[in-house]
Amino acid sequence: MRILALDYGRRRIGIALSDPLGIMAHGQQTLQRVNIRTDIAALKDLIERQEVRQIVVGNPLHMTGQESELSREARAFASRLAAEAGVPFLLWDERLSSRQAGRYLAESGRTKGPRGAVDRMAAELILNSYLESIR
(Lines give C-alpha, C1' and ligand atoms only; values in the text may rest on other atoms or scores of the structure.)
Protein backbone atom coordinates (compact mmCIF):
# COMPACT_ATOMS: atom_id res chain seq x y z
CA MET A 1 0.00 0.00 0.00
CA ARG A 2 1.63 3.23 -1.12
CA ILE A 3 1.21 6.33 0.99
CA LEU A 4 1.56 9.84 -0.42
CA ALA A 5 2.82 12.68 1.79
CA LEU A 6 2.45 16.33 0.91
CA ASP A 7 4.21 19.36 2.34
CA TYR A 8 1.57 21.91 1.35
CA GLY A 9 2.68 25.40 0.42
CA ARG A 10 1.27 28.33 -1.49
CA ARG A 11 4.01 28.26 -4.16
CA ARG A 12 5.14 24.64 -4.07
CA ILE A 13 4.00 21.28 -2.72
CA GLY A 14 6.66 18.86 -1.56
CA ILE A 15 5.86 15.26 -2.40
CA ALA A 16 7.03 11.92 -1.00
CA LEU A 17 5.82 8.40 -1.68
CA SER A 18 6.29 5.30 0.40
CA ASP A 19 7.53 2.10 -1.12
CA PRO A 20 4.79 -0.50 -1.81
CA LEU A 21 5.29 -2.06 1.65
CA GLY A 22 4.88 1.29 3.42
CA ILE A 23 8.34 1.13 5.01
CA MET A 24 10.43 3.88 3.41
CA ALA A 25 9.74 7.40 2.15
CA HIS A 26 11.08 8.55 -1.21
CA GLY A 27 11.00 12.19 -2.23
CA GLN A 28 9.45 13.02 -5.59
CA GLN A 29 9.71 16.05 -7.81
CA THR A 30 8.22 19.09 -6.09
CA LEU A 31 4.99 20.38 -7.60
CA GLN A 32 5.19 24.03 -8.66
CA ARG A 33 1.73 25.43 -7.94
CA VAL A 34 -0.28 26.68 -10.94
CA ASN A 35 -3.89 26.79 -9.77
CA ILE A 36 -6.07 24.52 -7.67
CA ARG A 37 -7.57 22.64 -10.60
CA THR A 38 -4.19 21.96 -12.26
CA ASP A 39 -2.52 21.06 -8.97
CA ILE A 40 -5.28 18.61 -8.01
CA ALA A 41 -5.20 17.03 -11.49
CA ALA A 42 -1.42 16.48 -11.31
CA LEU A 43 -1.65 14.90 -7.86
CA LYS A 44 -4.67 12.82 -8.80
CA ASP A 45 -2.70 11.45 -11.77
CA LEU A 46 0.21 10.55 -9.45
CA ILE A 47 -2.20 8.88 -7.01
CA GLU A 48 -3.69 6.76 -9.78
CA ARG A 49 -0.36 5.83 -11.40
CA GLN A 50 1.25 4.87 -8.09
CA GLU A 51 -1.87 3.20 -6.66
CA VAL A 52 -1.81 5.39 -3.55
CA ARG A 53 -4.21 4.27 -0.80
CA GLN A 54 -3.57 6.97 1.84
CA ILE A 55 -2.67 10.68 1.73
CA VAL A 56 -0.80 12.30 4.61
CA VAL A 57 -0.72 16.09 4.50
CA GLY A 58 1.56 18.14 6.70
CA ASN A 59 -0.44 20.30 9.08
CA PRO A 60 1.46 23.56 9.69
CA LEU A 61 0.16 24.33 13.16
CA HIS A 62 1.34 27.26 15.23
CA MET A 63 3.93 26.34 17.86
CA THR A 64 1.10 26.54 20.43
CA GLY A 65 -0.69 23.75 18.59
CA GLN A 66 -3.39 26.08 17.32
CA GLU A 67 -4.49 25.88 13.70
CA SER A 68 -2.92 28.48 11.39
CA GLU A 69 -4.30 30.06 8.24
CA LEU A 70 -2.04 27.75 6.23
CA SER A 71 -3.40 24.79 8.25
CA ARG A 72 -6.91 25.65 7.13
CA GLU A 73 -5.72 25.94 3.52
CA ALA A 74 -3.91 22.60 3.73
CA ARG A 75 -7.03 20.94 5.19
CA ALA A 76 -9.26 22.34 2.42
CA PHE A 77 -6.78 21.31 -0.28
CA ALA A 78 -6.41 17.80 1.16
CA SER A 79 -10.16 17.41 1.47
CA ARG A 80 -10.70 18.34 -2.16
CA LEU A 81 -7.85 16.12 -3.36
CA ALA A 82 -9.13 13.17 -1.34
CA ALA A 83 -12.67 13.62 -2.64
CA GLU A 84 -11.56 13.83 -6.27
CA ALA A 85 -9.06 10.96 -6.01
CA GLY A 86 -11.25 8.74 -3.84
CA VAL A 87 -8.44 8.24 -1.31
CA PRO A 88 -8.64 9.08 2.41
CA PHE A 89 -6.40 11.74 3.91
CA LEU A 90 -5.15 12.68 7.33
CA LEU A 91 -3.36 15.74 8.62
CA TRP A 92 -0.01 15.19 10.29
CA ASP A 93 1.68 17.68 12.62
CA GLU A 94 4.57 19.10 10.63
CA ARG A 95 5.77 21.88 12.88
CA LEU A 96 9.39 22.67 12.02
CA SER A 97 9.64 20.06 9.23
CA SER A 98 10.73 22.66 6.66
CA ARG A 99 13.29 24.11 9.07
CA GLN A 100 14.58 20.61 9.85
CA ALA A 101 14.73 19.79 6.13
CA GLY A 102 16.73 22.96 5.46
CA ARG A 103 19.11 22.06 8.26
CA TYR A 104 19.63 18.53 6.84
CA LEU A 105 20.34 19.92 3.40
CA ALA A 106 22.77 22.51 4.80
CA GLU A 107 24.60 19.86 6.83
CA SER A 108 25.01 17.74 3.72
CA GLY A 109 26.41 20.73 1.83
CA ARG A 110 23.39 21.06 -0.47
CA THR A 111 22.31 24.57 0.50
CA LYS A 112 22.09 25.72 -3.11
CA GLY A 113 20.04 22.86 -4.49
CA PRO A 114 17.15 23.19 -6.89
CA ARG A 115 14.03 25.06 -5.83
CA GLY A 116 11.78 22.72 -3.95
CA ALA A 117 14.55 20.62 -2.38
CA VAL A 118 13.46 21.72 1.10
CA ASP A 119 9.80 21.01 0.25
CA ARG A 120 10.66 17.51 -1.00
CA MET A 121 12.78 16.80 2.09
CA ALA A 122 10.00 18.13 4.36
CA ALA A 123 7.53 15.76 2.68
CA GLU A 124 9.96 12.88 3.31
CA LEU A 125 10.25 13.86 6.97
CA ILE A 126 6.45 14.04 7.31
CA LEU A 127 6.04 10.63 5.71
CA ASN A 128 8.84 9.02 7.73
CA SER A 129 7.29 10.37 10.93
CA TYR A 130 3.91 8.94 9.97
CA LEU A 131 5.38 5.57 8.92
CA GLU A 132 7.24 5.28 12.24
CA SER A 133 4.01 5.91 14.12
CA ILE A 134 2.17 3.02 12.43
CA ARG A 135 4.91 0.38 12.81
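The values are calculated or read from the model by the stated rules, or taken from the named source; none is laboratory data. Note that the structure is predicted; figures quoted are calculated from it, not measured. Note that we place each Cβ from the backbone using ideal geometry, even for glycine, and neighbour counts take in every protein chain shown. The protein model used for the area step is the full one, side chains on, heavy atoms only, and it has no ligands, DNA or RNA in it. Shrake-Rupley method; radii C 1.70, N 1.55, O 1.52, S 1.80 Å.
The condition (being among the aliphatic types (A, V, I, L, M) and at pLDDT 95 or above) is satisfied by just one residue among Ala122, Ala78: Ala78. Among the conditions (1) at pLDDT below 90; (2) surrounded by 15 or more Cβ atoms within 10 Å (Cβ to Cβ); (3) closer than 20 Å to Leu17 by Cα, Pro114 misses just one, which is (2). What residue, among those in region 57-93 that are open to solvent by 20 Å² or more (accessible area, probe 1.4 Å) and touching a residue at least 60 places away in the same chain (Cβ under 8 Å), is nearest to Ile40 (Cα to Cα)? Looking at the filtered set, the residue picked out is Glu73. Here Leu70 passes the criteria (1) modelled with pLDDT of 95 or more; (2) of a type in the set (A, V, I, L, M); (3) under 11 Å from Tyr8 (Cβ atoms) except the one numbered (1). Candidates in region 29-47 are the residues that are of a type in the set (Lys, Arg) and surrounded by 13 or more Cβ atoms within 10 Å (Cβ to Cβ); of these, the one that is farthest from Tyr130 (Cα to Cα) is Arg33.
Taken residue by residue, region 21-28 has at least one member that is over 16 Å from Val87 (Cβ atoms), open to solvent by less than 40 Å² (accessible area, probe 1.4 Å) and either touching a Leu at 6+ places or on another chain (Cβ under 8 Å) or of a type outside the set (Gly, Ala, Ser) (or both). In summary, Ile40 fulfils each of the numbered conditions (1) modelled with pLDDT of 95 or more; (2) in a loop (DSSP other than H, G, I, E, B) with the single exception of condition (2).
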